[in-house]
Each structure stands twice: as structure tokens, then as C-alpha cells.
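K.L.:
So that we are looking at the same thing, I have put the structure below in C-alpha cells.
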Amino acid sequence: MLWLERRIVAALAGSDDDRSGGAISEFVDSSFRAMPQHLRLGVVVESIGLGAYVRVRYLGRPTSQQIRTALAGFERFPLGVVRQYPQLLASLVIFAQYERPIP
Amino acid sequence: MRTIDTEVLIIGSGAGGSVTAARLAEAGRSVLVAEEGPWYEPDAHVPFSLDEFTARYRHQGACAALGNPGIAFAEGRCVGGSTEINSGLYHRLPGYLAAEWRSVYSIADFDDATLARYASEIEQTITISNVPGAAPPSSAVLHRGATALGWRSVEFARVFAYDTNGRGTKQTMSRTMIPRAIAAGTVIQPDCAVLKLERNARRVTGAVAQITLGDGSKETVRIRADDVFVCGGAIQSPALLQRSGFRRNIGGGLKFHPTVKVAARFTEPYDHDDVPMHRVTEFAPYLTIGGSASRRGQVALAIADAAPDRLESVIEQWEDTVVYYAAIRSQGSGRVTAIPGLRAPLVTYHMTDADMSRLARGLVHLGEVLLAAGAVELFPSITEGPIVSDRAGLGAWWDALTRARSKLMTVHLTSTIRMGEASERTGADSFGRVWETENLYVNDASLLPDAPGVNPQAAIMAIAARNADAYLQR
């Protein structure tokens, strides 16, 4: 996973990822690896572009709350591909988070 | 490169491929089935669980048709294909559709009696039954709501066998047709991805494939065959044909049932181990209302679409919530395009304005049924969609289900290599032989001229059996 992807998973999953031994991150990572290559390429391009925006906007070290704020902004963006980016990440995190019992 | 010889190579082991394999092997043909996915025991994974997604779904379920809106879809990728992961609903091809397709696409020997004969034969192998006793509460909701509104509903039969305790087992291809094919001598080669078909003028001579070995390494093999059946489904079959240089009417015209979901919260816990088998058929075939998998993960996803800020509180009592859907027959269509150098094809789909309108109507009708059945809160799969708790609130869904905010999915993919003698708009003849070839056949959902408005597995199997017999009689 790329920098923004890791930060988003951490922001959305919170302590659940640690408590599950990184199972949520692992599922998101394996989903990215299993994706059709052209879709993964699109996600990578967005992760780099949006990641650069987030770094500039929050001076390099955004907090989890700032990441969530950025995601909320992406979800309202006029371009569909930008709106779909946070939706995809959130879907993967939520499915893994709630499907697997977390101690 | 190692060479494997066979009389008939069948690529794919789902509803089309396994029926083809069983019939040809029982007729004495030497058959090799190349399946891209792994071979699991039928009970190896809990249905619709994260483990099943990871193991048996293509791309772990992360596939989408690009468009406005994009539409997520799922395909099986294992021995047995999508029959291993679907809900097992069984519905013969409606007679009026067979007549329409026969007329529009000039399909020979495609009458009701012929299809019914093959369906009957298939049903002797894959047990078709209704739930013994009362339907589960999550399913009865649909009947109760429809009855309160004066609408029709039906408990669909499924490919399930029930023991004396009422425990049901889905009769997937790996439990039914594949054992039959193996008993007749078929060789199943799992983990075998066919990269390209090889051809000599109008004849296909075999295929180049890559087998993933137990240690993860890959072996490239050449499979030589007298005849080849491509049965990889409506996405993979056209992609393979295009990669192999076959392009005439291949890949266009993709059809499926765009689907929108609603999570319905009730005041008491419901069952979540099975998929509801009732369907509201008042508006069929253009609009069908039914129930989805509702494990904790699916409920969470559905709630998160409409109300991410309520996810934590609702999920605490997730057993009170069940996920339902409205699915339409679509006027729009899509395309599968192989991308040079990449294995996965590009899939696109165009929803018409009429499709969006029909889907919104379906969403509202679904809401009416669920409220009439006692749901206290409805969460539609619309970004920040209006949460509805009474009938008056449903009107807001008409405006909310826009291309930008809707979250759609589908499972029934068809029609990318249509069959019929009307060669200007079909990719194969009436029995699946690809145009301009002598020995290359398609025998899967790709052949169906349209998405039928119901689970297409029964139609795929009956047509596959019919086409296999036609091949044997040539």
C-alpha cells in the first residue's frame, strides 16, 4: 500500500487494526493486489495525487482526524473518480473490520 | 514447454463448463477442463464471508464496470465457478423470453419444449427444492410486506438439497456436475489460467496456459485439442477470445441486472445464515425485489453507505438488520475489452436515464414492502441517502438516487457473445460455434442475448446441455 492508503486505513480502522494483528491492513493490501491491474493503476495514480494534496494541506504529517476530514471532502468532489476513491477504501476497511471478530 | 493432449478442451468449470464436460465425457469424449481458480472442498468457506471472498471470488470481489455510475460486480474464480458463490436461486428461462430471443436473433431449435426437456434433465442431477416448512423470517418479510400491499410474491426454488433435519446444502457444480464429469473420465486441471488460444486458419489447435504449482511457481504448458469450448463467463470468455484474435461481435452488448440495496432495521433479531428465497414479483420481469446476504460485514457496508455516522450505534444490534435489494432489467449495455499486456479486461457499462428512473422506482417499491412488513428504519445504498422510517419519507429517494450518489452492484453478467443465426449481431451460431471458426465454441452466460430478469443459472445450464448435444450430433 502507498502512504495515503496506509494513513486512510489507520484513520478509518483506528485501534481495530492493531487489535486484529493488522488483519484489516492485510485485507486491504491483498484486495489491492488482487484488483484488475488497470483499476489498481487508477487507484495508485489517485493515491499519489491526493496524497500530495494531503501532505501539502496538512504540512506533511496529518492527524487521523485530518485524514478523515480530507476523505469527507473527497466524497463531495465533483469528479466521480475522486468520490469513488474514499468509498473504495472505506468499503474494504469496513468489510474487514466487521466481518472478522476483533478481540 | 510441456504439451498436454486432449480431444476436447473446456475452459472454465462453472454452470456452462461443467455441464458441457459431463455430457461430452459421458458420450465417450476425452475431456480436459482448465479452471483458472483453485479447487476447494465445497464446505471449505462460510458463504459470503470474508474468507470466501478472499478465496473464491475473482479479484477478491473487487471488480467494477466503469461508467456513470460505476457498478461493482462479482464472479466466482474456483472449480465450480460462480455457482459456488451465488445464492442458488433457480428459475427456468421464461417462455416469452425464449420466443423473443429466437425471433430477434434467429436462434434455431430454441423452443419452449426443447429448453424444458433439457431443464428437466439438468434438474435430475442438481436437486431443486423449496425450503421444508416455513421460510426463514428474513425471507418471510418480503411475502408479508407484499401481501399487505396486495402485491405478488413467490418463494423461489433453489438448487438446494435438504436433510431430514431441514439442513440445506447448496448443490453447486462441484457437488453435482463436476463429480458426474469426473466419473465419466473428465480431467479437471485447477489453477490453470488459459492465456491465449492457438489457431491455424479457421481451426483452433489448442491453448497456451499457465499452471500455478503447489509451491507457487508457474509452469507454462501447451494444451493441444481437437475442439475447444470457452466457458469462462460473460467477462472472461470474450476477453480470452479477443486476446486470441477473435473480435467479430465479441465483447459488446454486455447485459446485467443493476441492483440497489437497502438495509432494513427491525425491532427484533432476524436470521442471517441464509439468503432470503422470497421475491416480490409484482413488477417482474423488469423489476424484482429480493433479499441479499446479510452477514455483519454486509450489514455494516450497507449502513455505512447511507449513514456512516450511525454505523457504530446500529451495528451494536446488527442482528436486527437485514439487507434487501431491487434489481432491474436494464435498457443500457456495456462492453468487455481486452487490454494488451494485461490479464483483466476493461469492463464498461452505460446506464440509461430510463434505467436510473426504473431503479429509483424499484428502490421506492422496496421501501414500501419493507415498511409494510414492519421495518422501522431503512438505509438505502445512496451516499448520505435519506434514512426513511415512514412511507411519506420514501419520496425523497426519487431525487436522491442520482448517478453521483448511487452505489450499485450486480451479479448476473450475460450477452457478450450472443448466439443465433443473425450473424450481423451475434458472435456465435445457434449452438455456440464462434463465427469463422470450425471448432471453437462458447457455452456459457455470454450466449444469452439478454439478462433474463432472474438468476440465469438455469438458463445457462439448459442451453449448455442443448449445445453439447448439438456438438455431439455434428
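The values are calculated or read from the model by the stated rules, or taken from the named source; none is laboratory data. Keep in mind that this is a model prediction, so the values were computed, not measured. Quick reminder, even Gly has a Cβ in these numbers, built from the backbone with ideal geometry, and neighbours come from all protein chains shown. In case anyone asks, the SASA skips ligands and DNA or RNA and just uses the protein heavy atoms, side chains included. Shrake-Rupley method; radii C 1.70, N 1.55, O 1.52, S 1.80 Å.
K.L.:
Take every Cα pair under 8 Å in the range B:62-125 that's 6+ residues apart, average their separations, divide by the length, and report that relative contact order as a whole percent.
P.N.:
With pairs under 8 Å counted, the relative contact order is 16 percent.
K.L.:
Continuing with this model, one more query. Roughly how many Å is it from the Cα centre of the range A:19-55 to that of the range B:149-180, as a whole number?
P.N.:
Computed from Cα coordinates, the inter-centre distance equals 38 Å.
K.L.:
What is the percent of Cα-Cα separations in the protein assembly as shown that go past 33 Å?
P.N.:
Pairs farther apart than 33 Å: 42 percent.
K.L.:
Here's another thing I want to ask about it. Pop the C-beta distance of residue B:215 and residue B:331 into the FRET formula with R0 = 45 Å and round what comes out to the nearest 0.05.
P.N.:
Between residue B:215 and residue B:331 the formula returns 0.35.
K.L.:
Under unit Cβ charges (Lys, Arg +1; Asp, Glu -1), what dipole magnitude, rounded to 20 debye, does chain A have relative to its Cα centre?
P.N.:
That gives a dipole near 340 debye.
K.L.:
Tell me which trypsin sites (Lys or Arg not before Pro) from the range B:155-253 have a DSSP coil assignment and no more than 11 other beta carbons within 10 Å of their own.
P.N.:
Listed in order of number, the matching sites are B:167, B:202.
K.L.:
Could you tell me the calculated FRET efficiency between residue B:435 and residue B:155, based on Cβ-Cβ distance and R0 = 45 angstrom, to the nearest 0.05?
P.N.:
For R0 = 45 Å, the calculated efficiency reads 0.60.
K.L.:
Further question: Using protein chains only and a probe of 1.4 angstrom, how many square angstrom of residue B:173 are accessible, to the nearest 10?
P.N.:
0 Å²
K.L.:
Same structure again: Student exercise: in the protein assembly as shown, how many lysine pairs 8 or more apart or on different chains have Cα atoms under 30 Å apart?
P.N.:
For the protein assembly as shown, qualifying lysine pairs total 7.
K.L.:
Right, another one. Below 8 Å, C-alpha to C-alpha, sequence gap of six or more: please give me the relative contact order for the range A:3-99 in percent.
P.N.:
Relative contact order of the range A:3-99: 43 percent.
K.L.:
What net charge is computed for the residues neighbouring residue A:91, neighbours being all others with C-beta under 14 Å from the C-beta of residue A:91, Lys and Arg scored +1, Asp and Glu -1?
P.N.:
Net charge in that neighbourhood comes out at -1.
K.L.:
Next question, about the same structure. Could you grab the relative contact order for chain B? Cα pairs under 8 Å, six or more apart, rounded to a whole percent.
P.N.:
23 percent
K.L.:
Considering only DSSP states other than H, G, I, E and B, which chymotrypsin sites (Phe, Trp or Tyr not before Pro) in the range A:8-103 qualify as loop sites with at most 14 other Cβ atoms within 10 Å?
P.N.:
Here the sparse-neighbourhood loop sites are A:58.
K.L.:
Quick one: if you stick a label point 7 Å off each Cα along the C-beta vector at residue B:268 and residue B:390, how many nm between them?
P.N.:
Each label point is offset 7 Å from its Cα along the Cβ direction, giving 2.4 nm.
K.L.:
May I ask for the accessible area buried between chains A and B, both sides summed, probe 1.4 Å, to the nearest 100 Å²?
P.N.:
Separately minus together, A and B give about 2300 Å² buried.
K.L.:
Along the charge dipole of the protein assembly as shown, which of B:365, B:427, B:281 sits closest to the positive end, that is, farthest toward it, with unit charges on the beta carbon of Lys, Arg, Asp and Glu (+1, +1, -1, -1)?
P.N.:
In the protein assembly as shown, that residue is B:427.
K.L.:
Just check the range B:61-198 against the gyration tensor rule for me: Cα atoms, a ≥ b ≥ c as the square roots of the eigenvalues, rounded for a/c under 1.5, and otherwise prolate or oblate depending on whether a/b exceeds b/c.
P.N.:
Rounded, because the longest to shortest axis ratio a/c is under 1.5.
K.L.:
Still on this structure: Under 10 Å, Cα contacts only: if you run a Gaussian network model on chain A, which one of A:48, A:67, A:24 comes out with the highest mean-square fluctuation?
P.N.:
In this elastic network of chain A, the residue with the biggest mean-square fluctuation among A:48, A:67, A:24 is A:48.
K.L.:
Here's something else I'd like to know. Dipole size in debye (nearest 20) for the protein assembly as shown around its Cα centre, Lys and Arg Cβ +1, Asp and Glu Cβ -1?
P.N.:
Dipole of the protein assembly as shown, to the nearest 20 debye: 1460 debye.
K.L.:
Right, something else. Using a Förster distance of 25 Å, how high is the FRET efficiency between residue A:61 and residue A:26, based on the Cβ-Cβ distance and rounded to 0.05?
P.N.:
With R0 = 25 Å, the Cβ-Cβ based efficiency is 0.50.
K.L.:
Enumerate the amide H contacts of residue B:40 below 5 Å, restricted to partners 5 or more residues apart or on another chain; note that Pro and chain-start residues carry no placed amide H.
P.N.:
B:79
K.L.:
Using a 1.4 Å probe and ignoring any ligands, DNA or RNA, find the accessible area of residue A:59 and quote it in Å² to the nearest 10.
P.N.:
Accessible surface of residue A:59 is approximately 150 Å².
K.L.:
What part of the accessible area of the protein assembly as shown, given as a whole %, is carbon or sulfur when the probe is 1.4 angstrom?
P.N.:
The nonpolar share, carbon plus sulfur, comes to 52 percent.
K.L.:
Exposed loop sites here are GluC sites (Glu not before Pro) in DSSP loop states with at most 13 other C-beta atoms within 10 Å. What is the longest stretch of chain B lacking them?
P.N.:
No qualifying site falls inside B:1-315, the longest such stretch.
K.L.:
Now for a separate question. To the nearest whole number, what is the average tally of beta carbon atoms from other chains within 10 Å of the beta carbons of peptide B:299-312?
P.N.:
For this peptide, the per-residue mean of nearby foreign Cβ atoms is 3.
K.L.:
How many partner chain Cβ atoms sit within 10 Å of a residue's Cβ in peptide A:79-92, on average, as a whole number?
P.N.:
Per residue, the average neighbour count from other chains is 3.
K.L.:
Before rounding to the nearest 500, sum -39500 (n - 2.57) across all DSSP H runs of length at least 4 in the protein assembly as shown and divide by the residue total; then give [θ] at 222 nm in deg cm²/dmol.
P.N.:
Value at 222 nm, helices only: -11500 deg cm²/dmol.
K.L.:
Students often check this: by mean Cβ neighbours within 10 Å, which of B:108-117, B:451-460, B:12-21, B:288-297 ranks highest, and how do the rest follow?
P.N.:
Ranking the peptides B:108-117, B:451-460, B:12-21, B:288-297 by packing returns B:12-21, B:451-460, B:288-297, B:108-117.
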